[in-house]
Amino acid sequence: MANRNRGVQTQKESFETGRENIAKSHTFNRKRELSQLELRNMLIEKAKKDIRLKLMDCSIPSAVSKISEKEMEKKEKGKQKAPLNSMNSDGNKCPEFVDTNTRAHTDSSLANSNDDPDTKGTDPSLSMTVPDPDFHDFDKDRTEKSFGDNQVWAAYDDDDGMPRYYAMIHSVISTKPFRMQISWLNSKNNRELGPLNWIGSGFYKTSGVFWIGKHEVSESLNSFSHKVKWAKGTRGTVQIYPRRGDVWALYRNWSPDWNELTPDEVIHKYDMVEVLEDYDEERGVTVTPLVKVAGFKTVFCRNSDSSKTKAIPREELFRLSHQVPSYLLTGQEGLNAPKGCLELDPASMPLELLKVFAQVQDEEMGENAEKTKDTLGDLRNLLKNSWWKMVK
């Protein structure tokens, strides 16, 4: 499987450059009186050329797919597997993530909220490694037979590989080979949510009103993450909002002051939350934090502290980064499967998040051990003092 390597970093650099240029587009318009569409096309073409050159320089394959280790073994039977090292945002190796899948990290659609439907092209893909889940096989939820007419699916983006793109599936042409007719969903603004210039600053819009783009044929099964609940809006639009039972990644450091200069290390920090009530335009959406269950990679449960539940108003819906597929465990999935907990799809969570949770657990265990040691010490001293008093 492909390693997460320097290609991802160059992809991020191009994304940051594009985000800065998008934010400056209004200045260009005043000076040269170019339309936003012309500027957007120019920026996208420049980004494509930069990405191609950097990918060629890094010798990255032009296409990848997300396949499990078992499938890889079948296809590569008799061949020796290359060493695998995943990387975190600081460039540190994460040897504990050797048991992995490979997630398609594609910019083939450029299907982000800023793009015009007619400017989407086909570019090389990158790959990222993700750990296998503890119990549920999420890959079985996104096979060729999982797709159907008039469905909306989320796809992995070209920023940090999270599922922030949306596509309308018009029809499945064939399953072998896999081909379907789709349209990428687009949005020019976020007026229905609030005045914050979220899209203009180069960020992805994952909730709100979207327009259906031009029809095209897709053959990339591994670019898609999960099926999304949606509703028909006015004038043929598609509405996507958080619903009860959904799990979303929340930007941990979110601020309305974020812009094209906000660094990745600030943006790409997440907390997992479960939606308690459907989104309402007046009340917003209510969420409760999910905490990692000790001893598992991808199992979470609700925070027992009810005071941690929070309401996110409509104007701050940008706090929600992307939806994360989840599976409610019944306790029958395997040994020690915790009944009633949620298993989250690791392909929709960054490796850094999983590693940080593991470190936090280790720290907490260390703190608990110290507290236990102190308690035992106090008890020992108490008994010692009591014994001396009795002797005297």
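The values are calculated or read from the model by the stated rules, or taken from the named source; none is laboratory data. Everything numeric in this text was worked out from a predicted model, so none of it was measured. Neighbour counts run over all protein chains shown; Cβ positions are idealised from the backbone, glycine included.
Here are the numbers for the structure shown:
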{"quantity": "Residue list for region 135-171, restricted to those being among the aliphatic types (A, V, I, L, M) and within 21 Å of LEU351 (Cβ to Cβ)", "calculated": "ALA154, ALA155, MET162"}
{"quantity": "Within region 216-301, strands (runs of 3 or more DSSP E) holding 3 or more residues that are out of contact with any Gly (no Cβ under 8 Å at 6 or more places or on another chain)", "calculated": "216-218, 224-228, 247-251, 270-275, 285-292"}
{"quantity": "Filter result for LEU261 (at pLDDT 95 or above and touching a helix residue (DSSP H, G or I) at 6+ places or on another chain (Cβ under 9 Å))", "calculated": "no"}
{"quantity": "Flag if ASP134 is modelled with pLDDT of 90 or more, outside any loop (DSSP other than H, G, I, E, B), over 25 Å from VAL238 (Cα atoms) and in contact with a strand residue (DSSP E or B) (Cβ under 9 Å, 6 or more places away or on another chain)", "calculated": "no"}
{"quantity": "Count of region 246-261 residues which are free of Cβ contacts under 8 Å to residues at least 40 places away in the same chain and under 23 Å from GLU192 (Cβ atoms)", "calculated": "2"}
{"quantity": "Some residue of region 264-280 being surrounded by fewer than 16 Cβ atoms within 10 Å (Cβ to Cβ), under 17 Å from the mean Cα position of the chain (by Cα), under 26 Å from SER201 (Cα atoms) and basic (Lys, Arg)", "calculated": "no"}
{"quantity": "Subset of region 210-245 (residues that are modelled with pLDDT under 95 and of a type in the set (A, V, I, L, M, F, W, C))", "calculated": "LEU221"}
{"quantity": "Residues satisfying the stated conditions in region 290-306, i.e. buried (at least 16 other Cβ atoms within 10 Å of the Cβ) and free of Cβ contacts under 8 Å to residues at least 24 places away in the same chain", "calculated": "VAL291"}
{"quantity": "Matching residues in region 242-258 - criterion: being closer than 16 Å to GLU316 by Cβ and crowded, with 16+ Cβ neighbours inside 10 Å", "calculated": "PRO242, TRP248, ALA249, LEU250, TYR251, TRP254, TRP258"}
{"quantity": "LYS227 being under 21 Å from PHE147 (Cβ atoms) and surrounded by 15 or more Cβ atoms within 10 Å (Cβ to Cβ)", "calculated": "yes"}
{"quantity": "Selection count where residues are of a type in the set (Asp, Glu) and part of a loop (DSSP other than H, G, I, E, B), scope region 138-165", "calculated": "5"}
{"quantity": "Exclusive hit being over 22 Å from LEU37 (Cα atoms) and among the polar types (S, T, N, Q), set SER187, SER201, SER223", "calculated": "SER223"}
{"quantity": "Flag if SER201 is in contact with a strand residue (DSSP E or B) (Cβ under 7 Å, 6 or more places away or on another chain), small (Gly, Ala, Ser) and more than 22 Å from VAL275 (Cα to Cα)", "calculated": "no"}
{"quantity": "Output for region 157-187, where each listed residue is of a type in the set (Phe, Trp, Tyr) and in contact with a helix residue (DSSP H, G or I) (Cβ under 6 Å, 6 or more places away or on another chain)", "calculated": "PHE178"}
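Okay, residues lined up against (1) in contact (Cβ under 8 Å) with a residue 40 or more places away in the chain; (2) more than 21 Å from LYS48 (Cβ to Cβ); (3) not small (Gly, Ala, Ser):
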residue: ASP149; (1), (2), (3): no, yes, yes
residue: VAL152; (1), (2), (3): yes, yes, yes
residue: ASP158; (1), (2), (3): yes, no, yes
residue: ILE169; (1), (2), (3): no, yes, yes
residue: ILE173; (1), (2), (3): yes, yes, yes
residue: TRP184; (1), (2), (3): yes, no, yes
residue: LEU196; (1), (2), (3): yes, yes, yes
residue: VAL217; (1), (2), (3): yes, no, yes
